[in-house]
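Trainee: Before we start, here is the structure in question, set down as structure tokens.
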Amino acid sequence: MKTNTEAIHFLHALVSNVDSGILSFDIEGYITLVNRKALEYLNIPSDVEDVLDTNILDIINIDELHETIEKCLTVSRKKFHIRNILHDNRYLIIDGKKLLDGMILSITDITADVLAKDRATQTLLLGQEIERRRLAKEIHDGVGPNMSTLKLQIDAVKRKLKDEDAINALEKVNTAISEIATDIRQISHDLMPNSLIDFGIVTALSNFSNRITETGEVVVVYESNIEDGYLTKEHDLNIFRIVQELVNNALKYSNCTTIEISLKELDGKLIIVVKDDGNGMASNISDKGIGLNNVNSRVDSLQGTISIDSEKGKGVSVIIELPIKSNQA
């Protein structure tokens, strides 16, 4: 009996000094072993002694973990691995393993790793945006004026000509130059919209939607319950790129007639919805074939979630939830 008691004390001392959270429970769900790290990571405001012999389902407030443990207790005890749970501003990995008379959970805090990866992603995306801005400036300040100068030179030549055929030919060249100049301005604007810089995401998305609607091919319906300047510049830029990619994807592949864009604050989160009435698709949003890897990268870097609802012939609805980073005090 003494040996058994010493073993139990040794086990408790060992568990209390590891960096991971450790929690075990019996086949009825009653906690038999737990350390302070587990209580800290799971945000349970109790002492170790107070939690022992408590049913684990009464204290776990993480929905996915609660459902998994409940299934282990009522259906079958199987090992599980839950990755990147966001709980109380922590990112956790939770592993469950079967014991002879219960299960044991190992809880690891990976917040630092996730944030470091997100910072690296944001640095990469920032580099892309700097290059976009440089190209937009080069096009606006260089190519655009050169096209205008070329048009003036052709007009000057036309005034000196008397041959109607030559004049008509140059007029067609002028028309082509005007169309190219319009395309160049559009490319420059898509690379870095002035409205996004000068005003913010709400105005930028409104202008973006109006430009598409004005083509007469697709109607874009846009609504928002936030104001320009409410979000950080980082959020503004990332959100614009996310919506731009999703809308362009719908225009290319969905054969839709209407696209709905919604940008709203709800219950402390920013909810972005891009929905079309097109052909729909069966593949997942992360499918490389539909070119949305950059969307996933941006959403991940902002600690958000993305989901897709789609069926063949019933359009696509993409819903993104982001924690709000506001400029408001």
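Trainee: Filter segment 17-35 down to residues that are under 20 Å from GLY102 (Cα atoms) and not in a strand (DSSP E or B) and give me whichever is modelled with the lowest pLDDT.
Mentor: Out of the qualifying residues, it is SER20.
Trainee: Here's another thing I want to ask about it. Which numbered condition trips up ALA250, out of (1) more than 21 Å from ASN279 (Cα to Cα); (2) under 23 Å from the mean Cα position of the chain (by Cα)?
Mentor: (1)
Trainee: Return the residues of segment 83-99 that are out of contact with any helix residue (DSSP H, G or I) (no Cβ under 6 Å at 6 or more places or on another chain) and of a type in the set (D, E, K, R); say none if nothing qualifies.
Mentor: If the condition is that a residue be out of contact with any helix residue (DSSP H, G or I) (no Cβ under 6 Å at 6 or more places or on another chain) and of a type in the set (D, E, K, R), then ARG83, ASP88, ASP95, LYS97, LYS98 are the ones that fit.
For every residue, the table says whether it meets (1) farther than 29 Å from GLY304 by Cα; (2) more than 29 Å from the chain's Cα centre (by Cα).
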| position | (1), (2) |
| --- | --- |
| ILE167 | yes, yes |
| ILE212 | no, no |
| GLU217 | yes, no |
| GLU260 | no, no |
| LYS264 | no, no |
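Trainee: Can you name every one of the helices (runs of 4 or more DSSP H) wholly within segment 186-286 that holds 3 or more residues which are modelled with pLDDT of 85 or more and buried (at least 20 other Cβ atoms within 10 Å of the Cβ)?
Mentor: Because the criterion is at least 3 residues that are modelled with pLDDT of 85 or more and buried (at least 20 other Cβ atoms within 10 Å of the Cβ), the helices (runs of 4 or more DSSP H) in segment 186-286 that meet it are 201-214, 233-253.
Trainee: Pairs under 9 Å by beta carbon, first residue under 16 Å from ILE56 (Cβ atoms) and in contact (Cβ under 8 Å) with a residue 24 or more places away in the chain in segment 69-93, partner acidic (Asp, Glu) and assigned to a loop (DSSP other than H, G, I, E, B), six or more apart or different chains?
Mentor: What qualifies is LEU73/GLU28.
The values are calculated or read from the model by the stated rules, or taken from the named source; none is laboratory data. Given the structure is predicted, the values throughout are model-derived calculations rather than measurements. So basically every Cβ, Gly included, is an ideal-geometry build from the backbone, and we count neighbours across all protein chains shown.
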